[in-house]
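The block underneath contains the structure these notes are about, expressed in structure tokens.
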């Protein structure tokens, strides 16, 4: 890849550091999309022993690239995202991928197609991790930052995407327990 093109990509990717997500960090500041992406990569890496039959490098790559479309559209929380939002993001992402030199254009087009299909174990694991990290971050944020609908979401979100393996089901259950404990303490008026 020409150095000029690499710089263009890196400058574009920097925008994810400035795209806010819906959730706050434990320190009370708004989380960025880049921070979310980094942490799901970390999660994937540390799950490799639990999934020895999975191409963890591919899962990490999915985690790195999964929210690149939000450079163009911003982050829209899952509970507000419509089909129109999904289409706008997909179109912007497709346009960006087409602008990449070979073989990166083909590689990313195929990666995004695999992620969207959610048929391979790699894609299922990436999606489960993506859901889990969002829930974990909410558990780490101050309860007063939660919207009313998030109390139910913390108990139900991601269950379907985590159902493909015992490990992700068990991790989802632990996250749910943390949510329940957090809510119980938040409502404790003693």
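Where does each of 157, 112, 167 land when they are ranked from fewest to most other beta-carbon atoms within 10 angstrom? Write out the running numbers ahead of the final one.
Numbers: 157 22, 112 19, 167 14.
In increasing order of surrounding Cβ atoms, one gets 167, 112, 157.
Based solely on its DSSP helices, what 222 nm [θ] is calculated for the chain when runs of n ≥ 4 H residues each add -39,500 (n - 2.57) and the sum is averaged over all residues, nearest 500 deg cm²/dmol?
The helix contribution divided over the chain gives -20500 deg cm²/dmol.
Report, in degrees rounded to the nearest 10, the 0 to 90 angle that the Cα long axis of helix 33-46 makes with the longest principal axis of the chain.
Rounded to the nearest ten degrees, it is 80.
By what distance, in whole Å, do the Cα atoms of the chain stretch along each of the three principal axes, largest value first?
The principal-axis extents, from largest down, are 63, 36, 29 Å.
Considering only 141, 99, 165, give the residue with the highest GNM mean-square fluctuation for the chain, with springs between Cα atoms whenever their separation is below 10 Å.
Comparing 141, 99, 165 in a Gaussian network model of the chain, the most mobile one is 99.
Helix 56-65 against the longest principal axis of the chain: what's the angle in degrees, Cα atoms only, rounded to the nearest 10?
Roughly 90 degrees between the two axes.
For residue 99 and residue 46, what does the FRET efficiency come to when R0 = 35 Å and r is the distance between their Cβ atoms, rounded to the nearest 0.05? If you can, show how the numbers build up before the last one.
On the way: r = 33 Å, r/R0 = 0.96.
Efficiency, from the Cβ-Cβ distance: 0.55.
Taking the chain as the reference, fit the longest principal axis to its C-alpha atoms, fit the long axis of helix 104-117 to the helix C-alpha atoms, and give the angle between the two in degrees, 0 to 90, nearest 10.
For helix 104-117, the angle is close to 30 degrees.
A short reminder: the numbers here are calculations on the coordinates, not readings from a lab. Remember, it's a predicted structure, so these values are computed and weren't measured experimentally. Because the Cβ atoms are built from the backbone with ideal geometry, glycine has one as well, and the counts that use them run over all protein chains shown.
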